[in-house]
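Trainee: Mind having a look at this structure? Questions to follow.
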Amino acid sequence: MRPIVFLHAADLHLDSPFTGLKSVPQAWADELRESPFKAFRSIIDTAIHQKVDFLLLSGDLYDGENRSLRTQVRFRREMERLKAAGVPVYIIHGNHDHLSGSWIHVDFPDNVHVFSEKAEMKSFHKSDGTLVHLYGFSYPKRHVTEKMIDTYVKIEGADYHIGLLHGNLEGFTAHSPYAPFSLRDLTEKNFDYWALGHIHKRQIVAEQPLAIYPGNIQGRNRKESGEKGCYIIELNGADWKHRFIRTAEMIWDTATVMIPETSTFDSILTECKNRLTKYHTFTEKYLLELIIDGRNVHHPNVCSEEFLADILSILQEQSEHEEWNVWPYRMTVHKDTMPAVLQDTPFTSELLSKVERFTEFEEALQPLYRHGIAKKWLDSLTEEEQEQILKDAKRMLLQMLH
Ligand SMILES: [Mn+2]
């Protein structure tokens, strides 16, 4: 059996709106909005340079169900580049870009093969005679909770069998439980590769058979941190090789800064700056959350909200002025290293644990959420936001007490 080489990407979310970038300067925000496309173009470049046999896109190409004409046309331009290079593309649509949205239809070149809403098989004939069967389906609507993998039927006769599936591996509770499947389901189909999509954090789910979530191609917010990219997969009989290719040029990251014993303003500022300048050797741009380790702090004003806000804006000013490749967008104190001076007595620890047990957000926020104008614009708080509010409340309480 001869080898095949292909590129697998998922969760492009090309038209992501990138809301809530108020802590990022305009130029960075503009670049971020463009970044998924840049990442996608680099995927196409890689596919062409590496002369892959085909490209697999495992769902959520577009972020909104009403994909814009502009985004589709830009996407098509990339498909045309692949056509010119003789690279076919196999696409499934996911929960974000399901088929029921109302968008204007754009014709794609004939190297683009989109799976329909029922699981089906498409075959790829390589010039050396190798035959590949590809299986997949596109979401007909946003919520697909059935075990769609059960509808994938292996059709014998090919050298390789590859499944494209946009769905949730059982056990990943942080994600919408769409088109769920288990490791056992993957194994039982007896395919050679599973090109998964849906979970934005990349992971190799199984090695026998090989099954990979490549993650999204560009982080869109602080939760989508770290390097982002796609995979080049080589199948050679029962052997396989996989290689991660970085595509994101803007990376969300966190860095910890230990407050020095002296805890003077200048020493803290220097420490933060040193931490940031370490990024200058990297070619990517970094959006950085600085996490303060406050265990050496013996004065309650250091680590106060005002103090951190001041340091942050000084760093931001310098970053903008000197055009650093790193933008500190936020500064927080790590909760386990809250300055000792702020948390030691039985009274304060009782107070803090009271805050931690607080759950009546809805009640407390009622006046705001019932306000005629406010309620139109407010989203409900995420769990993470609630946690952050409690964290801030604890720090403020302690500072006021002191
Ligand atoms: Mn997605």
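Trainee: Quick check on this structure: which one of Val5, Val89, Val73 is over 17 Å from the mean Cα position of the chain (by Cα) and either among the hydroxyl-bearing types (Ser, Thr, Tyr) or under 23 Å from Tyr178 (Cβ atoms) (or both)?
Mentor: Of the residues listed, the single one that is over 17 Å from the mean Cα position of the chain (by Cα) and either among the hydroxyl-bearing types (Ser, Thr, Tyr) or under 23 Å from Tyr178 (Cβ atoms) (or both) is Val89.
Trainee: Hey, can you tell me all the residues within region 20-60 that are more than 16 Å from the ligand (Cβ to nearest atom) and in a loop (DSSP other than H, G, I, E, B)?
Mentor: Residues satisfying the conditions are Gly20, Leu21, Lys22, Ser23, Val24, Pro25, Gln50, Lys51, Val52, Asp53.
Trainee: State yes or no: is Glu224 assigned by TED's automatic domain parsing to the domain that holds Glu207 and free of Cβ contacts under 8 Å to residues at least 60 places away in the same chain?
Mentor: yes
Trainee: Given (1) touching an Asp or Glu at 6+ places or on another chain (Cβ under 8 Å); (2) at positive phi; (3) outside the structural domain of Tyr178 (by TED's automatic domain parsing), where does Gly215 come up short, assuming only one miss?
Mentor: Here Gly215 clears every test but (3).
Trainee: Would you say Asn236 is at negative phi, loosely packed, with under 14 Cβ neighbours inside 10 Å and in the same structural domain as Arg184 (by TED's automatic domain parsing)? Steps first, answer last, please.
Mentor: Values: at negative phi: yes; loosely packed, with under 14 Cβ neighbours inside 10 Å: yes; in the same structural domain as Arg184 (by TED's automatic domain parsing): yes.
So Asn236 fits the description; yes.
Trainee: While we're here: Identify the residue in region 3-33 that is within 26 Å of Tyr90 (Cβ to Cβ) and at pLDDT below 95 and, among all such residues, is surrounded by the most Cβ atoms within 10 Å (Cβ to Cβ).
Mentor: Asp15
Trainee: Right, something else. Determine, yes or no, whether Val73 is surrounded by fewer than 16 Cβ atoms within 10 Å (Cβ to Cβ) and in the same structural domain as Asn236 (by TED's automatic domain parsing).
Mentor: Values: surrounded by fewer than 16 Cβ atoms within 10 Å (Cβ to Cβ): yes; in the same structural domain as Asn236 (by TED's automatic domain parsing): yes.
Yes.
Trainee: Hey, among the residues in region 151-201 that are part of a strand (DSSP E or B) and of a type in the set (Ser, Thr, Tyr), which one's nearest to the ligand (Cβ to nearest atom)?
Mentor: Once the filter is applied, the top-ranked residue is Tyr193.
The values are calculated or read from the model by the stated rules, or taken from the named source; none is laboratory data. The structure displayed is predicted, hence computed values, not measured ones. Methodologically, a virtual Cβ is constructed for each residue, glycine included, from the backbone with ideal geometry; neighbour enumeration extends over all protein chains shown.
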